[in-house]
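Okay, so here's the structure we're looking at.
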Amino acid sequence: MKEETLDYEDFKSDLSSKYMGRSVYYFDSIDSTNTKAKKLASKGAKEGTVIISEEQTAGRGRLGSSWISPKHKGLWMSIILRPNIAPVDAVKITQIVAAVIHKSINCLGIKSLIKWPNDIVLNDKKLCGILTEMNAELNTINYVVIGIGINVNLNEDEIPKDIRSIATSLKIESKNYIDRKALLCSILENFEIFYDEFLENFNMETALKICRENSAILGKEIQVIKKDSCLCAKAIDITNDGRLLVEYKDGSKEYLISEEVSVRGLMG
Ligand code: BTN
């Protein structure tokens with residue numbers, strides 16, 4: 001059977017967005033779509049440009065980790081944005097993307113949760129990760145690259161043994177083959193709506209509501225892992241600007257910024 005592919009020609013007639021995903025760079029194989037997106041963005045690629053690859057040979061995750069991206073099995077893609085906002089506000093876009101992916105996965109009947117700041121999880125295992133990278137001056141953003149990795153149709157034996165207890169796919173969880181094209185279009189369309197609303201009115205209430213109501217960690221005991229420490233805390237809230245409010249055992253509170261920390265449930 002010929003694998004379905006994600007070239008623009010394959011999905012353009014199903015896509016109803018105006019500019020999100022209307023300029024597409026498609027690859028059969030690439031090192032990392034984020035690396036390619038950064039190169040294209042620095043040469044002037046326009047907002048909403050999408051880079052998709054069927055596989056990545058050097059996919060990158062947060063905090064220097066790698067991202068396994070086998071051929072035809074996932075959505076491995078990056079979106080180039082040029083928001084006219086302050087660099088500190090770029091982190092909000094990650095929350096918007098997380099909400100959008102959650103919404104699109106939910107439409108498939110799969111009840112995922114959002115693990116602040118950038119993971120979509122189910123049954124304590126990761127389905128999707130988001131890698132936001134930015135190029136900015138002091139007060140202006142040159143570009144933002146949103147890297148999205150969704151484990152779509154991986155079978156259990158296609159997930160490396162050492163991460164099998166912490167990673168899963170939509171197919172494994174739903175026991176159904178998932179249409180990657182439909183998922184891609186849904187994400188691009190929902191993202192355009194949420195992103196436009198954010199840029200026009202600086203409003204991300206709907207996204208925050210989704211992140212709070214479907215959080216995998218709010219109200220729970222978590223570990224806050226920084227460079228030199230690992231502390232137990234309770235996740236209290238996600239603030240309007242996308243930070244995580246936590247309370248430590250001694251009663252002190254802290255607002256966490258996503259770049260600084262990694263959070264884990266106490267179970268691992
Ligand atoms: C994480 O959870 O650590 C983030 C993972 C992000 C993976 C995606 S796959 C597409 C894009 N290209 C990359 O090299 N990484 C992101």
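Values for this structure:
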| quantity | calculated |
| --- | --- |
| Residues that are open to solvent by 40 Å² or more (accessible area, probe 1.4 Å), farther than 20 Å from Asp10 by Cβ and either more than 10 Å from the ligand (Cβ to nearest atom) or of a type outside the set (D, E, K, R) (or both), drawn from the stretch 54-69 | Thr57, Ala58, Leu63, Gly64, Ser65, Ser66, Trp67, Ile68 |
| Subset tally (residues that are in contact with a strand residue (DSSP E or B) (Cβ under 9 Å, 6 or more places away or on another chain) and either among the hydroxyl-bearing types (Ser, Thr, Tyr) or open to solvent by 70 Å² or more (accessible area, probe 1.4 Å) (or both)) for the stretch 191-210 | 1 |
| Close pairs (6 angstrom Cβ cut-off, 6 or more residues apart or separate chains): of a type in the set (Asp, Glu) in the stretch 39-61, within 11 Å of the ligand (Cβ to nearest atom) and in a strand (DSSP E or B) anywhere | Glu55/Ser69 |
| Strands (runs of 3 or more DSSP E) wholly inside the stretch 94-212 that include at least 2 residues being under 28 Å from Tyr25 (Cβ atoms) | 119-122, 125-136, 141-151 |
| Identity of the residue in the stretch 251-268, assigned to a loop (DSSP other than H, G, I, E, B) and modelled with pLDDT under 95, that ends up most open to solvent (accessible area, probe 1.4 Å) | Met267 |
| Top-ranked residue of the stretch 1-32 - restricted to ones that are in a loop (DSSP other than H, G, I, E, B) and small (Gly, Ala, Ser), ranked as surrounded by the most Cβ atoms within 10 Å (Cβ to Cβ) | Gly21 |
| Residue, nearest to Glu173 (Cα to Cα), within the stretch 127-142, restricted to residues that are within 15 Å of the ligand (Cβ to nearest atom) and more than 11 Å from the chain's Cα centre (by Cα) | Glu133 |
| Meets criteria (free of Cβ contacts under 8 Å to residues at least 40 places away in the same chain and within 11 Å of the ligand (Cβ to nearest atom)) for Ser23 | no |
| Failed item in (1) in a loop (DSSP other than H, G, I, E, B); (2) surrounded by 18 or more Cβ atoms within 10 Å (Cβ to Cβ); (3) at pLDDT 95 or above, with His72 passing the rest | (2) |
| Residue identified as more than 7 Å from the ligand (Cβ to nearest atom) and within 17 Å of the chain's Cα centre (by Cα) among Ile51, Ile30 | Ile51 |
| Which listed residue is farther than 17 Å from Ile96 by Cβ and under 17 Å from the mean Cα position of the chain (by Cα), from Arg243, Arg180 | Arg180 |
| Complete set of residues in the stretch 195-241 that are of a type in the set (Gly, Ala, Ser) and at positive phi | Gly219 |
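Yes/no matrix, rows are residues, columns are (1) of a type in the set (A, V, I, L, M); (2) surrounded by 23 or more Cβ atoms within 10 Å (Cβ to Cβ):
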residue	(1), (2)
Met77	yes, yes
Ala86	yes, no
Asp89	no, no
Gln95	no, yes
Leu108	yes, no
Leu113	yes, no
Lys125	no, no
Cys128	no, yes
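The values are calculated or read from the model by the stated rules, or taken from the named source; none is laboratory data. Note that this is a predicted model, so its numbers are computed, not measured. No Cβ is skipped: glycine too gets one built from the backbone with ideal geometry, and neighbour counts run over all protein chains shown. The protein model used for the area step is the full one, side chains on, heavy atoms only, and it has no ligands, DNA or RNA in it. Shrake-Rupley method; radii C 1.70, N 1.55, O 1.52, S 1.80 Å.
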